[in-house]
Each structure stands twice: as C-alpha cells, then as structure tokens.
Amino acid sequence: MKNIEVRGLTHVYSRGTPFEKTAIDSLDLAIQAGMTVGLIGHTGSGKSTLISHLNALLKPTAGTVLLDGEDIFASKAAIRAARFRVGVVFQYPEYQLFEETVFADIAYGPKNLKLDKSEIDRRVRQAAAFVGLDEGYFDRSPLELSGGQKRRTAIAGVLAMEPELLVLDEPTAGLDPAGRADLLEKLFAWKRARNATVLLVTHDMTIAGLCDRLVVMEAGRIVLDGTPAEVFAQSGKLLSIGLDLPPAAHIARLLREKGLDVPAGIYTEDQLYEAVLALWQGKGGVPC
Ligand SMILES: Nc1ncnc2c1ncn2[C@@H]1O[C@H](COP(=O)(O)OP(=O)(O)OP(=O)(O)O)[C@@H](O)[C@H]1O
Ligand SMILES: [Mg+2]
C-alpha cells in the first residue's frame, strides 16, 4: 500500500437537529506507508470520528478518503476492500467479543475474507502468538478471560485480517503499566514484521513519543503535525488545548521557565539527561 489520504473530510452528527455537531471540519491528512503515526487530541476533538472513516464505517458529510488514490466510498466493492485493508481496533474492543470461543472470535474476520480453513487456522495462530495469547485459551469462551486477555483476543481478531493499515484507538487504555508496556511492544513487533502502517490514537504522551510522526487535533481540525520533537517543542500550544507533555518535556519546560538553556524539542529521559549534563558541564552557562 502506498498511502492513505483524507481529503476535505467533514463529519456532522445529527445534522438539522438541535444536537447538530461538526466533529470533523474540512480535514486533510496523508499518511505514508510504513509510518507509525500518533493521533492525539483532547477528549471530543474528533479522533474516533476521524478513524471511523478510514475503513468506511462512517460516511463523510463532505470530502473523502483515498486508499492508494482510490476513493474508498466509490462503490460497495471499494467499501468492502477498505474494510479488509484497513483494520480498526476501537476503544475497549473487548466489549465487541461475541463468538462462543476465543478461536472463533479471532477467526471471524478471516472467515469473512472467505479464506480456506488451513489459512484461517494459520492466521488465527499467528495473530494469537503476536499478541501473546496462549493457544490453551482457544476453546474457552471469551467471557471467561481476564480483561487483558479479552483485549488481546479482540486485537488478534483484527491482526488476523492482516491489514495494511492498522488503526488503534487507545489500545492500552485501562491496562496496568506492565500490561501496557507488553502490549505496545507486541504491537510494534507486529508492525515491524509486516512493514505495516500504524495509526495510533493515544492520550499517553510517552506512547506518542514512540511514533514517527504526531498529528494533533483540536475541535475537528489538525492544529499541529510533525515529528515528536517538533510537536513537543510546541509545549505552550499543547498545554493550551488541554494536552499533557511527556514527563521529560514537562521538566525541560520548567527548566526553561527558570531561565536555563534547555532545548525546546526534548521529550525523552535520555535527551533530558544529556541537556542537564551539558548545563552542569558549563556548556549551557550554569556554574557547576
Ligand atoms: N454518535 C454521535 N452523535 C453525536 N455526536 C457525537 C457522536 N459521536 C461523537 N460525537 C461528538 O463529536 C465530537 C467528537 O467526538 P469523538 O468521539 O470523535 O472525539 P474523540 O477525540 O475520539 O474523544 P475521546 O478522546 O473522548 O475518545 C464530540 O463533541 C462528541 O460529543
Ligand atoms: Mg475517541
């Protein structure tokens, strides 16, 4: 896949009623294949609405979505193709498990692709392995699983479709820190193994810092777009729209406010360490 492109996308909910709400407002976005893009924004900024258009689950009020230059809403066949090529893991996907067994739940998507039984079997096993779900769970009901295992089952169901673009809406929300780190590591390993494109919606700025590019939304529009260093350098803007900073960026900002010469693009602990070390060594003008 070359890329996915959103052109002039507008989505208005409940049009013509007193509850009318423009959730996405003439938005343009192009994502290069192979990139990991983080989508961040305050609650209600339109992130989930935007991603629901990428696999044609929501229809635009205006504008469109192009996959390799082809309009995904052009025909029923194009919509169907987009559903297979773009895998979306929605917020709290574990509430959408409905089959009798874990295996059947993961196999649901590949079955819809009308793959043969051995290919379905291969994909289910591979997807389960990717998310770290033991095959011992395959015959169990999803309802018997822990919260973390349910989440892994739901994500495996999307990975088993082998999407070219994987979209994840807050995949680590509600997990404990160890579960969060483990799931992220597995998702990044999947991305590397398949050379897929990933769009990751997150409120966690440390996770956002792991992406190649960050897109920041506010009130249905993109207000910042760049590398994590470029975006986190705009700390005042991020704070003004109700977003957090990664801990290292926050400390760097406080040091700058105290008049210390700490660069604006710092967002990792290593970068902060280097900057503070430079200060102590007198390079930044601070007496030792
Ligand atoms: N089904 C709906 N009907 C009417 N308005 C909606 C609907 N879904 C979302 N909205 C509104 O559209 C706007 C964007 O919502 P959306 O869920 O896309 O935001 P979000 O950035 O994903 O927020 P969060 O971080 O809380 O998940 C919000 O004002 C929301 O209240
Ligand atoms: Mg959302």
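By how many nm would the segment from Thr64 to His203 lengthen if fully extended, with 0.36 nm per residue of separation less the alpha-carbon distance?
Extending this stretch completely gives an extra 47.4 nm.
Add +1 for every Lys or Arg and -1 for every Asp or Glu among the other residues with Cβ under 10 Å from the Cβ of Gly179, and state the total.
+1
In the chain, if the dipole is taken from +1 on Lys/Arg beta carbons and -1 on Asp/Glu beta carbons about the Cα centre, which of Ala233, Pro110, Leu57 is farthest to the positive end?
Among Ala233, Pro110, Leu57, the one farthest towards the positive end of the dipole of the chain is Leu57.
Would you mind checking which residues have amide H under 5 Å from Asp71's amide H? H placed 1.01 Å from N; only 5 or more apart, or other chain.
Result for Asp71 returns nothing.
Compute, for Asp270, the solvent-accessible surface of its heavy atoms (probe 1.4 Å) with the complete set of protein chains present, and express it in square angstrom to the nearest 10.
For Asp270, the solvent-accessible surface is approximately 120 Å².
Between Glu20 and Leu254, what's the calculated FRET efficiency when r is the beta-carbon distance and R0 is 45 Å? Round to 0.05.
Taking R0 as 45 Å, the efficiency between Glu20 and Leu254 is 0.60.
Taking the Cα of Ala74, stepping 7 Å toward and past its beta carbon, and measuring to each backbone N in the stretch 1-23: which are under 17 Å?
1-7, by backbone N distance to the label point.
Give me the percent of the accessible area of the stretch 246-288 that comes from carbon and sulfur atoms, probe 1.4 Å, all protein chains in place.
Details: 1710 of 2860 Å².
That share works out to 60 percent.
Over the chain, average the accessible area per residue using a 1.4 Å probe and give it in Å², no decimals.
49 Å²
What is the spin-label model distance, in nm, from Trp280 to Tyr92 if the labels are put 7 Å beyond Cα along the C-beta direction?
Computed distance between label sites Trp280 and Tyr92 equals 4.6 nm.
Dipole magnitude of the chain about its Cα centre, charges +1 at Lys/Arg Cβ and -1 at Asp/Glu Cβ only, in debye to the nearest 20? It would help to have the intermediate numbers written out before the result.
Numbers: 32 positive and 36 negative charges, 106 e Å.
Approximately 500 debye in magnitude.
In straight Cα distance, which lysines are under 29 Å from Lys111, not counting same-chain residues fewer than 8 positions off?
Partners found: Lys2, Lys59, Lys76, Lys150, Lys186, Lys191.
Taking square-rooted eigenvalues a ≥ b ≥ c of the alpha carbon gyration tensor, is the stretch 192-288 rounded, prolate or oblate, where a/c under 1.5 means rounded and, failing that, a/b exceeding b/c means prolate?
Working: a/c = 3.03, a/b = 1.67, b/c = 1.82.
Oblate, because a/c is 1.5 or more while a/b does not exceed b/c.
Across the chain, where is the longest run that never hits chymotrypsin sites (Phe, Trp or Tyr not before Pro) in a DSSP loop with at most 12 other C-beta atoms within 10 Å?
Within the chain, the longest run free of exposed chymotrypsin sites (Phe, Trp or Tyr not before Pro) spans 99-288.
Based on the alpha carbon coordinates of the chain, what radius of gyration and maximum Cα-Cα distance (Dmax) apply, in Å?
Reported Rg and Dmax, both Å: 21.0, 71.
Classify the stretch 246-288 as rounded, prolate or oblate from the Cα gyration tensor: take a ≥ b ≥ c as the square roots of its eigenvalues, call it rounded if a/c is under 1.5, otherwise prolate when a/b beats b/c and oblate if not. Spell out each step's value before the answer.
Details: a/c = 2.46, a/b = 1.47, b/c = 1.67.
Taking the square roots of the gyration eigenvalues as a ≥ b ≥ c, the stretch 246-288 is oblate.
At what distance in angstrom do the alpha carbon centres of the stretch 55-116 and the stretch 211-261 lie from each other?
Taking the Cα centre of each part, the stretch 55-116 and the stretch 211-261 sit 33 Å apart.
Sum up the charges of everything whose Cβ sits under 12 Å from the Cβ of Asp121, counting Lys and Arg as +1 and Asp and Glu as -1, but leave Asp121 out. Don't skip to the answer; put the middle values down first.
Numbers: positive: Lys111, Lys117, Arg122, Arg123, Arg125; negative: Asp116, Glu119, Glu135.
Within the 12 Å Cβ shell, the charges total +2.
What does the charge add up to near Arg85, with Lys and Arg as +1, Asp and Glu as -1, over the other residues with Cβ less than 11 Å from its Cβ?
-2
With the chain treated as a Gaussian network of Cα nodes joined by springs under 10 Å, which of Ala107, Ala248, Ala196 yields the largest mean-square fluctuation?
Ala248
The values are calculated or read from the model by the stated rules, or taken from the named source; none is laboratory data. Here the structure is a predicted model, which is why all the values come from computation and not from measurement. When we count neighbours, we look across all protein chains shown, and the Cβ atoms used for this are built from the backbone with ideal geometry, even at glycine. The accessibility values were calculated without ligands, DNA or RNA, using every heavy atom of the protein model including side chains. Shrake-Rupley method; radii C 1.70, N 1.55, O 1.52, S 1.80 Å.
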